[in-house]
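Remarks on the structure that follows.
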Amino acid sequence: MGYFGGEQELEFEGKLFPDKGASREDVMKMLSDFDAMDVTDIYSHNTIQSTTLMSHLEAAEIAKDANRMFLRRNYLYKELLPGCTKMGLEVKQMIKEMLRFPQDSRVRFTSGGSESLYSAIASAKEWAKQEKNILKPEIVVPYSIHTAFSKWCKYASIEIKRIPLGEDYRADVAAMDKAITKNTILIAGSAPCWPYGLFDDIPALGALAEKHNVWMHVDGCLGGFQSPFAEKLGQNLPVWDFRVPGVRSISADLHKHGYSAKPLSSITFRNKDWEQYYVCSASDWPDGLYSTEAIAGTTSAGPIASAWAVMKYLGEEGYLELAKRSLEVKQRYLEKINQIDGVECFPSDLCTMTVRLEKGLDLFAVMGGLFERQSYCLPSFQPPALKIILDPVTDEVVDTFVKDLAEVIPLVKAGEISIDNLKPWM
Amino acid sequence: MKMRLVLLALGLKLQASALFSKEFRKKIRYINRTVVISTADGGCSHTYIFRNNMVLSHPGGSDNATVELVWTDAKTALKVMLSDEALDTFSAMGKGDLVVKGNFQDALWFTDIVA
């Protein structure tokens, strides 16, 4: 099982770990071979969808250089690294300014969206235990919320209730209201959700959280660093941040539309009052205090440096320009894809969009045909659809994908392309 | 009616395998999951429970399902379930004839053990 089930199992001949080390040149040559096997350069292939969120070449180079400069600094010991400490605090301040967070909000770096979501649940769990004596916690979320919620609930033995969406594919707030019990510790909404690129009604969910006195988390991992700029460009988006009274924490990935090196995300608490439930400074071992930024311990300062560099390099003007380009890309996809017989774009708010298939068309067959043309995209199953990531790419990238899709659909209909074409990636 | 019989027969086959096949018991060792197969109209459903190296099954759904395989209709379900082509189940998902609710890995595991 490959694309749909994790790592492929390979059989190796002989021993891989060498008795003697190789030269630096040889090692780099071998790494180049791996690099050539991947499809990572959006500008040379022109057809990649969904697999990269970096599409500004200069910013990418700056992020890479900054990452490399600070790669070996351990942000765990930031107190011993005054440069890293200052840089990290400056990034946190810039996050507050970019995302219009209150000055007394508390930002923490995490390794990615998943860790940010785990952090929100962990905080809610601790709060509910201390303040409400809830020992059998459960959370109530819309069906479209990121599956990392389910993952952490499994690890932490928390019951998760995924509530079916409304007809508009957004959170069904009334149904979530009914699902809340005395053991509910957290509710959440997406801004926007990964499957459909749609914002949940965060103000309504915030009011619900206040009514039941439960923790409210907004998952802005995907759109957090694009929404404020899209709004400034006149895009009509629902209010999704701390302007909504009931919201206690928000996650936003810097390595998506913040354009930093991976892995870097953030979780921000409304203020210290809520952050205190996350702080975990352990000292029950021989070496005394162990206080970490987030759940992980050792963390490279490289991605934080890359975030600092890209934020300074792009500035508000640069982020606005990239957000504008993403909106243009969305429009171009919408217009061109809707001309293809057998598929239809499902309108989204921001960041992702799904291309739904006519009844009877096999999604896997379509993907097979696209993959063979090096047009990579991700699937969505309810309903069967291709997912497009609305990155600020060139017209050429959009047009190449659309051309391939227009070529593949009739071939799938004619039975000349089937799920067998996808086998090399399964 | 035919689908109900097939689902019942599948339950008996899994139970027999758990009793008599060492190979099968290896596959369900340490497994604690509940799989439900149903049709979207609610006309037909069957539950398969894997626990303590045993398989239990009964008609109807379950509130404790770790994964539910929901078919658009019984006719399509039978056609795919009785097919020898391993990829037909994927194709059914790709066409929207089968919706997997819950743990996708559990669904893959289940389709593997019933193959």
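Scanning the range A:12-31 turns up no residue that is of a type in the set (A, V, I, L, M), assigned to a helix (DSSP H, G or I), closer than 30 Å to A:Leu254 by Cα and at pLDDT below 90. Checked against (1) farther than 25 Å from A:Gly166 by Cα; (2) away from every other protein chain (no Cβ under 14 Å); (3) modelled with pLDDT of 95 or more, A:Asp349 passes all but a single condition, namely (1). Of the residues making up the range A:263-289, those that are among the charged types (D, E, K, R) and modelled with pLDDT of 90 or more are A:Arg270, A:Lys272, A:Asp273, A:Glu275.
Of the residues in the range B:38-57, none is aliphatic (A, V, I, L, M), within 22 Å of A:Ala365 (Cα to Cα) and away from every other protein chain (no Cβ under 14 Å). Answer with yes or no whether A:Ser265 is under 30 Å from A:Ala122 (Cβ atoms) and surrounded by 17 or more Cβ atoms within 10 Å (Cβ to Cβ). So A:Ser265 fits the description; yes. Pairing each residue of the range A:358-377 that is over 24 Å from B:Ala86 (Cβ atoms) with any residue that is at pLDDT 90 or above and assigned to a loop (DSSP other than H, G, I, E, B), provided the two are 6+ apart or on different chains, yields C-beta distances under 9 Å for A:Glu358/A:Asp341; A:Glu358/A:Gly342. If you check A:Gly197 against the conditions, is it within 15 Å of A:Ile267 (Cα to Cα) and within 20 Å of the chain's Cα centre (by Cα)? No: the conditions fail for A:Gly197.
For the range A:383-426, residues that are surrounded by fewer than 18 Cβ atoms within 10 Å (Cβ to Cβ) and modelled with pLDDT under 90 total 7. Restricting attention to the range A:381-416, the residues that are within 14 Å of another protein chain (Cβ to nearest Cβ), of a type outside the set (Val, Ile, Thr) and more than 29 Å from A:Leu57 (Cβ to Cβ) total 7.
If you take the residues in the range A:291-306 that are outside any strand (DSSP E or B) and among the polar types (S, T, N, Q), which one is surrounded by the fewest Cβ atoms within 10 Å (Cβ to Cβ)? So, considering only residues that are outside any strand (DSSP E or B) and among the polar types (S, T, N, Q), the one surrounded by the fewest Cβ atoms within 10 Å (Cβ to Cβ) is A:Thr298. Summed over the range B:30-56, residues that are touching a residue at least 40 places away in the same chain (Cβ under 8 Å), aliphatic (A, V, I, L, M) and outside any loop (DSSP other than H, G, I, E, B) total 4. Exactly one residue out of B:Leu78, B:Leu98 is modelled with pLDDT of 90 or more and more than 14 Å from every other protein chain (Cβ to nearest Cβ): that is B:Leu78. Residues in the range B:81-95 that are within 11 Å of chain A (Cβ to nearest Cβ) and exposed (fewer than 15 other Cβ atoms within 10 Å of the Cβ) were compared, and the one that is farthest from the chain's Cα centre (by Cα) is B:Glu85. With respect to the stated conditions, A:Val329 fails to be on the phi < 0 side of the Ramachandran plot and either within 14 Å of chain B (Cβ to nearest Cβ) or surrounded by fewer than 16 Cβ atoms within 10 Å (Cβ to Cβ) (or both). Looking at (1) over 22 Å from A:Tyr169 (Cα atoms); (2) out of contact with any Lys or Arg (no Cβ under 8 Å at 6 or more places or on another chain); (3) away from every other protein chain (no Cβ under 14 Å); (4) part of a helix (DSSP H, G or I), which is the only condition A:Gly288 fails? The number of the failed condition is (4). With respect to the conditions (1) touching a Cys at 6+ places or on another chain (Cβ under 8 Å); (2) free of Cβ contacts under 8 Å to residues at least 24 places away in the same chain, A:Asp284 lacks only one, and its number is (1). Among strands (runs of 3 or more DSSP E) entirely within the range A:307-426, having at least 3 residues that are more than 23 Å from the chain's Cα centre (by Cα) singles out no element at all. Applying the condition of being of a type outside the set (S, T, N, Q) and surrounded by 24 or more Cβ atoms within 10 Å (Cβ to Cβ) to the range A:229-253 and asking which residue is nearest to the chain's Cα centre (by Cα) yields A:Asp253.
The values are calculated or read from the model by the stated rules, or taken from the named source; none is laboratory data. This is a predicted model, so every value here is computed, not measured. Note: ideal-geometry Cβ built from the backbone for every residue, glycine included; neighbour counts use all protein chains shown.
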